[in-house]
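The values are calculated or read from the model by the stated rules, or taken from the named source; none is laboratory data. Worth saying up front: this structure is predicted, and the values here are computed from it rather than measured. Cβ atoms come from the backbone with ideal geometry, glycine included; neighbour counts cover every protein chain shown. To get the accessible areas, we keep the full protein, side chains included, count just its heavy atoms, and leave off ligands, DNA and RNA. Shrake-Rupley method; radii C 1.70, N 1.55, O 1.52, S 1.80 Å.
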Amino acid sequence: AAARFAEHGVEVVVADRGDDIDAILRRGFDAAIVSFHNLAARAMPVLRAVTPRTRIAVDSVDVHFVRMRRAAEVSGDEVARARAERERAAELAVYAAADCVLAVTEDERALLAGLLPGADVQVLGNVHRLAETVPPATGRRGALFVGSYGHAPNADGVRRLGAEVLPLLEAAGHAEPIVIAGAGMPD
């Protein structure tokens, strides 16, 4: 995709290949959309210092502290619960300092708007094109799960699929194939 962007005059900076993100931030821009609150915590002070006029939107991607709190509740892990509360404070502080917060769903927008009175919280759903037509089910078999397994909920979902759902399907006589795909998959 980087080559395609370059063909259209879009500069692509990749920290993983050694590009200097901080140098880019120091250029100043009219607007910036920063994904994830932890990156925004680092980027916003630089942008505010260099170009106070830059309008900064933070894309939550998901409300991290809610996901962390739910995981702590399921596991009963009090250390994880405390970590989720620290994450809540840090995450909300970043959102409060932004000019706009982008939530993925209306539920998350309402949650954040309630926790951040006066904040501009908008919905920017995950960007997926909807299929205009869907082929008929005839001829299709099985199920596919695609995920990035560095994201704990995806790894948890696959573990649950294997430990709880798959035995139920097998007991019910379902023998359709299941494919698990993605990056960063644990053993």
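Before moving on, here are some points about what is shown:
- Looking only at residues of segment 134-155 that are open to solvent by less than 80 Å² (accessible area, probe 1.4 Å) and not in a loop (DSSP other than H, G, I, E, B), we find that the one that is farthest from residue 68 (Cα to Cα) is 143.
- Restricting the first member to segment 16-40 and to residues that are under 21 Å from residue 89 (Cα atoms), and the second to residues that are modelled with pLDDT under 85, the beta-carbon pairs closer than 9 Å and six or more apart or on different chains are 39/21.
- Filtering segment 112-123 to residues that are open to solvent by 60 Å² or more (accessible area, probe 1.4 Å) and touching a Ser or Thr at 6+ places or on another chain (Cβ under 9 Å) leaves only 123.
- Of all residues in segment 171-178, none are within 29 Å of residue 100 (Cα to Cα), in a loop (DSSP other than H, G, I, E, B), small (Gly, Ala, Ser) and without any contact (Cβ under 8 Å) to a residue 40 or more places away in the chain.
- Restricted to segment 48-82, and to residues there that are among the acidic types (Asp, Glu) and surrounded by fewer than 18 Cβ atoms within 10 Å (Cβ to Cβ), the residue that is modelled with the lowest pLDDT is 62.
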